[in-house]
Structure formats: structure tokens, C-alpha cells
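Below is one structure; the comments refer to it alone.
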Amino acid sequence: GIHAHQMAMRMHLTRALRTVGSVGARPAASLHPFVGSRNFCAPSNEKVPIVFVDGDGTEIPVNATVGRSLLEVAHENDIELEGACDGSLACSTCHVILEKDVFDQLPAPSDDELDMLDLAFGLEDTSRLGCQIKVSPKLAGMRARLPEGSNNMMS
């Protein structure tokens, strides 16, 4: 499950960091493809209202912190959006379906995101990965629909 995956990642990173000082060691970043790829900018305290719509149509309004990803916002609010790879673009379990006007104002998805979306369950024209969507003031009032199921290739 997700806990075992997190433990394995933690052990891998710990080993990678320990080998940095040894002779002929490669830098830690090259040992793991996702080290250093996350954006650790501190989110602001500004919050905007957004609505998650779960698989059975239930609306869950939340106040989302600007600068956080939709995946982070979902987890902070106990919303069932898995995110098995912790936002490292290695799965499609944080797949959300956006309204067309919201989808159109976001930056285009990367090739990596498109590759993962190809594996997503219930893919639609306005599908995106929640880990790649950063909350901004212009997204206030947006709705993110969760597909009725997800395709976890990591478990």
C-alpha cells in the first residue's frame, strides 16, 4: 500500500544521502529521479474556495491555500484523492476532471503528465493530475470532479 511505498522511498533516500560522502559517489540527486523536483516554495496564507465533487456527485467545499496543489488540498481536507506516488508524476491516482473554463486557463500539461493521464481511469477531455494543479486566486470557485474509480498501478 501507500505506507509501504513511503517507507521504501524513505529508506532509498536515506541510503542515497549516506553514500554522498563516499569516494566516487554520485550526487544524491542522480540516485533518485524525484529528488529536488518538488517545489518547496512556502504557500501563502491566502485561501480561496474550491469544490471537490466525489464519484457519487457529493459536493465538498473547501478553503484551499494558494500555492498548494489540488492533491495537497485534498489530503488536508480528508478527500479521497489518492496520490500514490506523492506527486512525483509516476502514477495517475490523483486524476481530477475540471470544468472546461478552468482547464483552458491552466498551463498546458507536460509530456510526463500526459503519459500518466493515458493510464487514468475515466479519462475525459478536461482531465488533469491534481498534483500538477497549483491553487491560485483565479481558480476561486472552481470545481474538481473525482472520477468514479482510479487505476492505481503502484499498489
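The values are calculated or read from the model by the stated rules, or taken from the named source; none is laboratory data. Fair warning: this is a prediction, and the values are worked out from it, not measured in the lab. All Cβ positions, even for glycine, are placed from backbone atoms using ideal geometry, and neighbour counts span all protein chains on display. The area values use the complete protein model at the heavy-atom level, side chains included, leaving out ligands, DNA and RNA. Shrake-Rupley method; radii C 1.70, N 1.55, O 1.52, S 1.80 Å.
Inside the range 88-127, can you point out the residues that are under 20 Å from Val48 (Cβ atoms), touching a residue at least 40 places away in the same chain (Cβ under 8 Å) and crowded, with 17+ Cβ neighbours inside 10 Å?
Residues of the range 88-127 under 20 Å from Val48 (Cβ atoms): 94, 96-107, 126.
So of that shortlist, the ones also touching a residue at least 40 places away in the same chain (Cβ under 8 Å) come out as 96-99, 102.
If the condition is that a residue be under 20 Å from Val48 (Cβ atoms), touching a residue at least 40 places away in the same chain (Cβ under 8 Å) and crowded, with 17+ Cβ neighbours inside 10 Å, then Val96, Ile97, Leu98, Val102 are the ones that fit.
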Query raised in the report: Would a scan of the range 103-123 turn up a residue that is of a type in the set (Ser, Thr, Tyr) and touching a helix residue (DSSP H, G or I) at 6+ places or on another chain (Cβ under 6 Å)?
Result: no
**Report entry** Subset tally (residues that are touching a residue at least 12 places away in the same chain (Cβ under 8 Å) and assigned to a loop (DSSP other than H, G, I, E, B)) for the range 57-79
**Finding:** 5
Report task. May I ask you to verify whether Ser44 is at pLDDT 95 or above and either of a type outside the set (A, V, I, L, M, F, W, C) or in contact with a Gly (Cβ under 8 Å, 6 or more places away or on another chain) (or both)? Result -> no
Query raised in the report: So which residues in the range 54-77 are open to solvent by 60 Å² or more (accessible area, probe 1.4 Å), over 15 Å from the mean Cα position of the chain (by Cα) and more than 16 Å from Ile97 (Cβ to Cβ)?
Result: Pro61, Asn63
Query - The lone exception for Phe34 - which of (1) modelled with pLDDT under 95; (2) more than 19 Å from Leu146 (Cα to Cα); (3) out of contact with any helix residue (DSSP H, G or I) (no Cβ under 9 Å at 6 or more places or on another chain) it fails - result: (3)
